Ligand code: COS
């Protein structure tokens, strides 16, 4: 749903210009230093990018899913690490509070997240718990008016810079119904961070372990104040997150199409531009066609989400198709570049590595297939 086309167009145009004029020129520096320049983070705050999806009542822009998708398509047109800086505050780091938090939790955390003063992060994955998210092993034991948390969370995006974690821990029996979601401030006693992860791509994105060793949080840290709801909170967060990630994948694919087209129309072989060779044309055409298909399905699913439809299947389908699609597009974009595509002088080299992650996080492609098939067969 787009509430006011003119206002949205203005926002999308501002983000597009910021991406083209500020972020794209900084991509090489981020690759080199593995760090997003603090000045860029400050500009993101000023633009309101940390609060895109946080309701206006709590200081955010309160974008609908369709509006958020339009912005994510633009943000996807540059190194994925830039989007990651604001990704958790808009997505997995704040949506648990928005969906299921108490009024006090919303009032305290959301305005701070919307302004970018506070960075939120989402801690579900563990060393032995990835796809089987209902089997969380981290424990939370009630002690008076506190809980004591023990366990390790793994590959947690933005953990090194986070101020608060939406963290899933076990308070009850085995399986999803024994999982509770907590809001754990990063400075809680007993919480420490592991070494920064050394990743294949997405340089500039910070991830690491979060270690809970007798970590003490007040009972009010339980999201919504109710035990045993944490798995469902996590699933709601991921439904929305998967649409956002799918839109980012389409944005990345659009950029890769531009890079491939730019190269193909300037590189000359056999006496003519390689874009005039039909085998290269085929690669370009497949890239553009798949990107367009991804764009259409993400916008359709976002509209359905805004209309209140059950979109578990559609969100998984968008994540599955768009993350796999951008992998194929990146592969062809490198191929169009020939040997140059393997060199760090051309952006397609790091995009190729960066997009590999999209098929893994927020649920692997195989998990999306399971979710889609389960939705198709439910009730039969
Ligand atoms: N949206 C809303 N509710 C959901 C849901 C979804 N996508 N998926 C499950 N639920 C609900 C179910 O309806 C069920 O509710 P009831 O108890 O009221 O019936 C409850 O949650 C438990 O669901 P289920 O029994 O299906 O749990 P499973 O352990 O079988 O879940 C999957 C399996 C694969 C769906 C789940 O483990 C999953 O999504 N894993 C991937 C996790 C992931 O993406 N990790 C990435 C790291 S986080 S960045």
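Regarding residue 183, is this residue surrounded by fewer than 19 Cβ atoms within 10 Å (Cβ to Cβ) and outside the structural domain of residue 108 (by TED's automatic domain parsing)?
Values: surrounded by fewer than 19 Cβ atoms within 10 Å (Cβ to Cβ): no; outside the structural domain of residue 108 (by TED's automatic domain parsing): yes.
It is false that residue 183 is surrounded by fewer than 19 Cβ atoms within 10 Å (Cβ to Cβ) and outside the structural domain of residue 108 (by TED's automatic domain parsing).
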Checklist line | Filtered residues of segment 80-134 (kept if part of a helix (DSSP H, G or I), within 11 Å of the ligand (Cβ to nearest atom) and within 13 Å of the chain's Cα centre (by Cα)) | finding: 87, 88
Note to self: Suppose the filter is more than 11 Å from the ligand (Cβ to nearest atom), crowded, with 24+ Cβ neighbours inside 10 Å and not assigned by TED's automatic domain parsing to the domain that holds residue 353; does residue 166 pass it?
What the structure shows: no
Next item on the list: Evaluate the following for residue 252: is it under 18 Å from the mean Cα position of the chain (by Cα), closer than 27 Å to residue 95 by Cα, more than 16 Å from the ligand (Cβ to nearest atom) and assigned to a helix (DSSP H, G or I)?
Entry: yes
Checklist line | Among residues of segment 186-208, those that are surrounded by fewer than 16 Cβ atoms within 10 Å (Cβ to Cβ), out of contact with any strand residue (DSSP E or B) (no Cβ under 6 Å at 6 or more places or on another chain) and over 22 Å from residue 223 (Cα atoms), counted | finding: 3
Checklist line | residue 38, sole failed condition from (1) in contact with a helix residue (DSSP H, G or I) (Cβ under 9 Å, 6 or more places away or on another chain); (2) modelled with pLDDT of 95 or more | finding: (1)
Note to self: I'd like to check something: does segment 8-18 contain any residue that is within 16 Å of the chain's Cα centre (by Cα) and touching a residue at least 24 places away in the same chain (Cβ under 8 Å)?
What the structure shows: no
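Each row is one residue, and each column tells you yes or no for (1) more than 16 Å from the ligand (Cβ to nearest atom); (2) more than 15 Å from residue 257 (Cβ to Cβ); (3) modelled with pLDDT of 95 or more; (4) in a helix (DSSP H, G or I).
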residue	(1), (2), (3), (4)
283	yes, no, yes, yes
290	yes, no, yes, yes
301	no, yes, yes, yes
329	yes, no, yes, yes
333	yes, no, yes, yes
337	yes, no, yes, yes
354	yes, yes, yes, yes
361	no, yes, yes, no
Next item on the list: Give just the number: which of (1) part of a helix (DSSP H, G or I); (2) within 16 Å of the ligand (Cβ to nearest atom); (3) surrounded by fewer than 24 Cβ atoms within 10 Å (Cβ to Cβ) does residue 316 not satisfy?
Entry: (3)
Check: Do you know which residues across segment 200-232 are within 19 Å of residue 147 (Cα to Cα) and part of a helix (DSSP H, G or I)?
Finding: 219, 220, 221, 223, 224, 225, 230, 231
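Kindly indicate whether residue 238 is in contact (Cβ under 8 Å) with a residue 12 or more places away in the chain, out of contact with any helix residue (DSSP H, G or I) (no Cβ under 7 Å at 6 or more places or on another chain) and near the ligand (Cβ under 10 Å from one of its atoms).
Numbers: in contact (Cβ under 8 Å) with a residue 12 or more places away in the chain: yes; out of contact with any helix residue (DSSP H, G or I) (no Cβ under 7 Å at 6 or more places or on another chain): yes; near the ligand (Cβ under 10 Å from one of its atoms): yes.
So residue 238 passes the test.
Any residue at all in segment 152-162 that is surrounded by fewer than 23 Cβ atoms within 10 Å (Cβ to Cβ), outside any strand (DSSP E or B) and not assigned by TED's automatic domain parsing to the domain that holds residue 50?
Just the residues of segment 152-162 that are surrounded by fewer than 23 Cβ atoms within 10 Å (Cβ to Cβ), to begin with: 152, 154-155, 160-161.
Checking the rest, the ones that are also outside any strand (DSSP E or B) come to 160-161.
Filter once more, keeping what is not assigned by TED's automatic domain parsing to the domain that holds residue 50: 160-161.
Within segment 152-162, one or more residues are surrounded by fewer than 23 Cβ atoms within 10 Å (Cβ to Cβ), outside any strand (DSSP E or B) and not assigned by TED's automatic domain parsing to the domain that holds residue 50.
The values are calculated or read from the model by the stated rules, or taken from the named source; none is laboratory data. Source: prediction; values computed, not measured. Every residue, glycine as well, gets a Cβ built from its backbone with ideal geometry; the counts of neighbours run over all protein chains shown.
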